[in-house]
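The values are calculated or read from the model by the stated rules, or taken from the named source; none is laboratory data. Just so it is clear, the model here is predicted, and its values are computed rather than measured. Positions of Cβ are generated from backbone atoms using ideal geometry, with glycine treated the same way; all protein chains shown enter the neighbour counts. With ligands, DNA and RNA removed, areas are computed over all heavy atoms of the protein, side chains included. Shrake-Rupley method; radii C 1.70, N 1.55, O 1.52, S 1.80 Å.
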Amino acid sequence: MATPTPDAVGEPDTAAAAPAAPTTPTADLADVPGPPPGAVGAPLPPPSPYLQAPAPTSPTASRAGLGILAALAAALVGAAVYGGIIRFTEREIGYAALAVGALVGAALGKVGGRSQTLPILGVPIALLGVFLGQLFGLALLVEHELGVSLSTIVLDHPGALYDTWKDELSLMDLLFFGIAGLEGYIFARRLGERG
């Protein structure tokens, strides 16, 4: 009987126990084409070393809103000055109404910037300023002549104040209203195109 060799008895055969060589191709994986950028499964681009600012919002909308607020403030200031002129001269001065329209249009165009709709809004805001100025001037006259407080006239009797204004309204007033509204449009358009 043949004696077993040490290989057969207890020592493992080194040739049989060695792992098999890999069967993958020898080409580098980086050379294998992948999906095009932006396609599903494509790798993401590396992050930018710079922080990216958020997309800017449209400055036109914010400027238009500020322009409208500036025009309303100008209408109130113009109305207060116009009312004071009516009180101290004891008559309506049409050129002051034109100044209110110009002030409203200038504020709207300068602050609001270039827009096609803002000059159109200049018309009713200018008319509002002239209307409030005439009402305020009338209230100041009534306060001066009758000795009634301004708050009583405006808060307790606004209907009577409006009726008195309507009765005193003349064709010349309507003309100055129209010109003031036109100035609100023209000034807003001209100054908006410059800004």
Subject >> Checklist (1) open to solvent by 40 Å² or more (accessible area, probe 1.4 Å); (2) modelled with pLDDT of 95 or more applied to A74, failing item >> reply: (1)
Original post:
Taking the stated definitions as given, is E193 part of a helix (DSSP H, G or I), surrounded by 22 or more Cβ atoms within 10 Å (Cβ to Cβ) and acidic (D, E)?
Top reply: no
Original post:
Is it the case that L128 is within 27 Å of the chain's Cα centre (by Cα), within 21 Å of F176 (Cα to Cα), crowded, with 18+ Cβ neighbours inside 10 Å and modelled with pLDDT of 95 or more?
Top reply: yes
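Check whether at least one residue in region 111-125 is of a type in the set (G, A, S) and open to solvent by 30 Å² or more (accessible area, probe 1.4 Å), and report yes or no.
For region 111-125, residues of a type in the set (G, A, S) and open to solvent by 30 Å² or more (accessible area, probe 1.4 Å): present.
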Subject >> Count of residues meeting criterion [over 14 Å from V123 (Cβ atoms), of a type outside the set (D, E) and either modelled with pLDDT of 95 or more or open to solvent by 80 Å² or more (accessible area, probe 1.4 Å) (or both)] in region 165-190 >> reply: 6
**OP:** For V148, indicate whether it is farther than 24 Å from G67 by Cα, open to solvent by 40 Å² or more (accessible area, probe 1.4 Å) and not in a helix (DSSP H, G or I).
**Re:** yes
